[in-house]
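The values are calculated or read from the model by the stated rules, or taken from the named source; none is laboratory data. None of the values given here were measured: they were computed from a predicted structure. Cβ placement follows ideal geometry from the backbone for every residue including glycine, while neighbour counts extend to all protein chains displayed. Note: accessible area is taken over every heavy atom of the protein model, side chains too, but ligands, DNA and RNA are not part of it. Shrake-Rupley method; radii C 1.70, N 1.55, O 1.52, S 1.80 Å.
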Amino acid sequence: MVNRDNGQLSGNCSSFGSSMTQTELLQELANECRYDKIVRPPGVINETDPIRIYTKAFIYTITSNMAKTLRFDVHLMMQFRYLDKRLKFTDIAPYLTQIYGGQNAHKLIWTPTVYIANERTSAIMGNSVKDLLISISSYGMVILNIRLETTLNCDLRLEKFPFDVQECPLVFESWTHNVNEMVLDWDEDPIVIADNLHLTEYKLMDTWINRSGVSYTPSQYHYGRFAGNFSSINITFKLSREMGFFMMDYYIPSILIVVISWVPFWLHQDAGAPRIMLGTNTILAFMTLASKVENLLPKVSSIKASEIWFLGCTLFLFAALVEFAFVNTIYRRKKNVPLKKVNSKYILKSTLTPRLARKQFEKNTTGLKRSRTWLSLDNASTNNEQDFASQNNLTVHSFPSALNIPSVRIEEDKDPDYSVGGVTTIDSTPPPAKSFTRRPTLAKLHNFTTMTPQQIAQWIDKRSRIVFPISFIIFNILYWSFIWI
């Protein structure tokens with residue numbers, strides 16, 4: 001039998017020498033006759049109490065390509081500290097205070113089985129020899145240092161990409177021992193960040209720690225592990241994306257492309273070739289720029305802030321191209337446009353629906369009843385009317401007085417649609433002072449004006465020079481307010 005507490009020998013175990021080296025001492029302490037590396041160390045107070053593993057993390061490299069792969073890489077050194085009374089050698093080798101070892105020492109003693117729960121891949125760093133360092137104090141305190149490189153999965157929220165802030169965890173769990181046998185806990189100053197830590201795509205804003213428990217039922221099959229409650233600790237990294245690349249390579253160029261699309265508003269309305277070239281080239285340039293950014297992202301279903309910007313800029317570029325097509329079509333019209341008033345409402349209404357505007361114009365002028373001019377009267381017996389339909393003269397008699405009778409004469413355009421520049425003249429010459437047998441119907445004259453298609457095209461271009469920039473400024477205010485709120 002073996003007395004493990006004081007290291008006394010029994011059975012077939014050899015005795016400790018008076019001047020043993022560290023390697024020899026560790027080999028004797030971990031001899032199979034007195035030490036079982038499969039069995040966990042006893043508790044501090046009672047042997048049945050769970051052993052507590054105090055953990056500390058030294059983080060010196062974080063690299064990420066999370067935007068496309070939803071993963072990030074961490075290089076760190078984990079330190080596990082625990083008490084193993086079976087390795088106490090105060091009375092056996094008082095001339096030693098510490099035992100140091102590497103991979104060979106790690107093979108001789110019990111070490112906690114801890115794994116990274118949210119890893120994609122992980123490995124102990126080191127080429128020919130793994131980077132393991134073990135220190136054992138004279139009273140049995142074991143410190144295990146391991147250099148790890150791990151690729152972690154991170155559930156990204158990309159709604160505000162590329163101005164997103166991500167919270168990515170690094171989760172450690174006990175593998176073989178449940179909470180009744182082993183408990184993971186954080187040591188004092190649990191996280192140490194290297195001073196020269198540098199991230200290319202993200203900036204480390206904050207880190208915090210947490211500890212919890214994880215439960216697995218027999219019905220669950222979680223990587224083939226046993227059922228039960230297991231201890232867990234985690235580190236959460238708060239990472240903010242560096243936006244300098246996207247501002248210089250995406251947002252500022254796209255703003256300039258949209259501004260360039262407004263240059264055709266200052267060109268002549270009939271300058272088709274340069275205006276088409278500017279409109280199509282700006283759209284193609286923006287599509288190429290946007291595809292470069294979209295290739296950096298995973299295909300997720302959520303709408304991202306970059307997609308809202310892309311959609312907004314595309315609409316402005318497309319609207320500028322449509323404005324040219326609209327203006328050029330109006331400029332090539334032959335007929336003038338009748339307008340009730342010279343303002344935006346009536347200009348756009350008459351331009352978009354020219355036939356409807358002509359019909360409305362004709363409807364408002366039907367109140368002018370066509371009458372015949374009384375040029376001669378029969379002297380004695382009859383009041384015969386002479387028809388002058390061959391003359392394009394209309395006279396409306398309002399009879400304001402017995403002596404002054406004004407007449408209105410409208411010279412009609414020969415266009416059957418009655419849409420081009422009807423000229424209204426007023427003939428104030430009174431007719432001969434004769435007595436009339438009947439009164440013509442009274443009519444009301446509406447004040448209409450006309451604009452040429454060229455004037456309307458120029459009017460639209462002038463308004464577009466103001467409307468497009470103001471609309472784009474409003475879009476930017478709303479967009480950047482959403483980003484920073």
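Mind jotting down the distance between the C-alpha centroids of the range 67-87 and the range 139-213, whole Å? So the separation of the two Cα centres works out to 8 Å. Extension gain, ALA194 to CYS33, is 53.6 nm, computed as 0.36 nm per intervening residue step minus the present C-alpha separation. In this calculation the C-beta distance from PHE245 to TRP266 is compared with R0 = 22 Å, giving a FRET efficiency of 0.10.
With K and R counted +1 and D and E -1, the other residues having a Cβ less than 14 Å from that of THR150 yield a net charge of -2. Of the chymotrypsin sites (Phe, Trp or Tyr not before Pro) in the range 170-239, the ones in a loop by DSSP (not H, G, I, E or B) with at most 12 other beta carbons within 10 Å are TYR221, TYR223, PHE226. Based on protein heavy atoms only, the range 22-241 ends up with 50 Å² per residue of surface accessible to a 1.4 Å probe.
Highest-first packing order for the peptide set 24-34, 39-49 is 24-34, 39-49, based on the mean count of other beta carbon atoms within 10 Å. Only protein atoms count toward the accessible area here, which uses a 1.4 Å probe; on the range 22-241, the carbon and sulfur part of that area reaches 49 percent.
Which trypsin sites (Lys or Arg not before Pro) from the range 172-277 combine a DSSP loop assignment with at most 16 other Cβ atoms within 10 Å?
Values: sites: LYS203, ARG211, ARG225, LYS238, ARG241, ARG275; in loops: ARG225.
The qualifying sites are ARG225.
Summing Cβ point charges (Lys, Arg +1; Asp, Glu -1) relative to the Cα centre of the range 22-241 gives a dipole of roughly 320 debye. Loop-resident GluC sites (Glu not before Pro) (DSSP state other than H, G, I, E or B) in the range 239-317 with no more than 15 further Cβ atoms inside 10 Å of their Cβ: GLU242. Full extension of the segment from ARG465 to ASN145, taken as 0.36 nm per residue of separation minus the current Cα-Cα distance, would add 108.4 nm. Determine the alpha carbon to alpha carbon distance for each of LYS56/LYS304; LYS85/LYS130; LYS56/LYS203; LYS160/LYS349; LYS334/LYS462; LYS335/LYS462 and list only those over 32 Å. Among LYS56/LYS304; LYS85/LYS130; LYS56/LYS203; LYS160/LYS349; LYS334/LYS462; LYS335/LYS462, the Cα-Cα distance tops 32 Å for LYS56/LYS304; LYS160/LYS349. Name the shape class, rounded, prolate or oblate, that the alpha-carbon gyration tensor gives for the range 22-241, where a ≥ b ≥ c are the square roots of its eigenvalues, rounded holds for a/c under 1.5, and otherwise prolate holds if a/b is larger than b/c and oblate otherwise. Here the range 22-241 falls in the prolate category.
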